[in-house]
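K.L.:
Below is a structure I'd like to ask you about.
The values are calculated or read from the model by the stated rules, or taken from the named source; none is laboratory data. Because the structure is a prediction, the values reported are computed rather than measured. Here the Cβ is made from the backbone with ideal geometry for all residues, glycine too, and neighbour counts use every protein chain on show.
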Amino acid sequence: MQWHVDETYIRVSGRWRYLWRIVDEKGQFVDFRLTAKRDAKAAKAFFRQACANSGLYSPMTIVTDKAPTYPAIVKAMDVHAYTNQPIKHIDSKWYNNRIESDHASLKRITDPGKGFRSLRTAKATLHGVEAFRSIKQGHLREFTLNAAAEIQLLNRLFAL
């Protein structure tokens with residue numbers, strides 16, 4: 001399993017916030033986090049959250065850009081659960097194009113110029129956007145394409 005990790009920024013309550021995102025090698029969304037700062041503490045918290053939320057979907061390789069915070073954090077992560085080998089880190093500007101292009105399509109949807117009024121609405125909107133993009137891209141294997149299945153999925157995702 002390979003994770004592509006990067007951060008971008010969006011406007012929330014008139015301030016720029018960092019949106020950390022992970023997609024896998026197939027472009028499937030894994031997790032996101034909104035933070036006020038782009039530092040090692042925020043990156044470490046994001047990786048911890050993503051690993052906890054991914055369950056059996058943990059990475060064997062993490063691909064990042066050349067940001068200075070990533071190498072130490074990836075090195076400090078535990079070994080992979082099944083292979084007992086350290087998680088490999090690839091820091092290449094061009095190898096991370098998968099998530100960079102994904103940021104562009106996300107920003108077209110969320111309209112970064114306007115931004116969000118609150119952190120709560122930003123998180124809720126991003127959850128919805130990522131859910132619908134996953135459905136549209138066919139990343140849900142057990143999912144059948146009909147209206148009843150879509151309603152059940154949305155009820156599960158948003159606890160309706």
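K.L.:
Determine which member of the set Arg48, Arg33 is without any contact (Cβ under 8 Å) to a residue 40 or more places away in the chain, part of a strand (DSSP E or B) and either aromatic (Phe, Trp, Tyr) or farther than 15 Å from Glu100 by Cβ (or both).
P.N.:
Numbers: Arg48 fails: part of a strand (DSSP E or B).
Answer to the check: Arg33.
K.L.:
Something else about it: Checking His4 against (1) closer than 21 Å to Ala124 by Cβ; (2) crowded, with 16+ Cβ neighbours inside 10 Å; (3) of a type outside the set (Asp, Glu); (4) within 13 Å of the chain's Cα centre (by Cα), only one condition comes out false. Which one?
P.N.:
(1)
K.L.:
Test of understanding: among Lys93, Lys75, which residue is exposed (fewer than 14 other Cβ atoms within 10 Å of the Cβ), more than 26 Å from Val12 (Cα to Cα) and in contact with an Asp or Glu (Cβ under 8 Å, 6 or more places away or on another chain)? Break it down stepwise before answering.
P.N.:
On the way: Lys75 fails: in contact with an Asp or Glu (Cβ under 8 Å, 6 or more places away or on another chain).
Exactly one of Lys93, Lys75 is exposed (fewer than 14 other Cβ atoms within 10 Å of the Cβ), more than 26 Å from Val12 (Cα to Cα) and in contact with an Asp or Glu (Cβ under 8 Å, 6 or more places away or on another chain), namely Lys93.
K.L.:
Output the residues belonging to the range 106-123 that are in contact (Cβ under 8 Å) with a residue 12 or more places away in the chain and part of a helix (DSSP H, G or I). Break it down stepwise before answering.
P.N.:
In the first step, residues of the range 106-123 are kept if they are in contact (Cβ under 8 Å) with a residue 12 or more places away in the chain; the result is 106-107, 109-110, 112-119, 122-123.
Selection gives Leu106, Lys107, Ile109, Thr110, Leu119, Ala122, Lys123.
K.L.:
So which residues in the range 51-72 are part of a loop (DSSP other than H, G, I, E, B) and surrounded by fewer than 17 Cβ atoms within 10 Å (Cβ to Cβ)? I'd like the intermediate steps shown before the answer.
P.N.:
Residues of the range 51-72 part of a loop (DSSP other than H, G, I, E, B): 55-60, 65-69.
Across the range 51-72, the qualifying residues are Gly55, Leu56, Tyr57, Met60, Lys66, Ala67, Pro68, Thr69.
K.L.:
To continue, here is another question. Output the residue which, of all residues in the range 109-120 that are under 14 Å from Leu19 (Cβ atoms) and modelled with pLDDT of 75 or more, is surrounded by the fewest Cβ atoms within 10 Å (Cβ to Cβ).
P.N.:
Here is the first cut: in the range 109-120, the residues under 14 Å from Leu19 (Cβ atoms) are 109-112, 115-116, 119.
Next, only the ones that are modelled with pLDDT of 75 or more stay: 115-116, 119.
Details: Gly115: 16, Phe116: 22, Leu119: 14.
Once the filter is applied, the top-ranked residue is Leu119.
K.L.:
Against the definition (over 14 Å from the mean Cα position of the chain (by Cα), part of a strand (DSSP E or B) and not aliphatic (A, V, I, L, M)), how does Trp20 come out, yes or no? Break it down into steps so the answer makes sense when it comes.
P.N.:
Numbers: over 14 Å from the mean Cα position of the chain (by Cα): no; part of a strand (DSSP E or B): yes; not aliphatic (A, V, I, L, M): yes.
For Trp20, the condition - over 14 Å from the mean Cα position of the chain (by Cα), part of a strand (DSSP E or B) and not aliphatic (A, V, I, L, M) - is not met.
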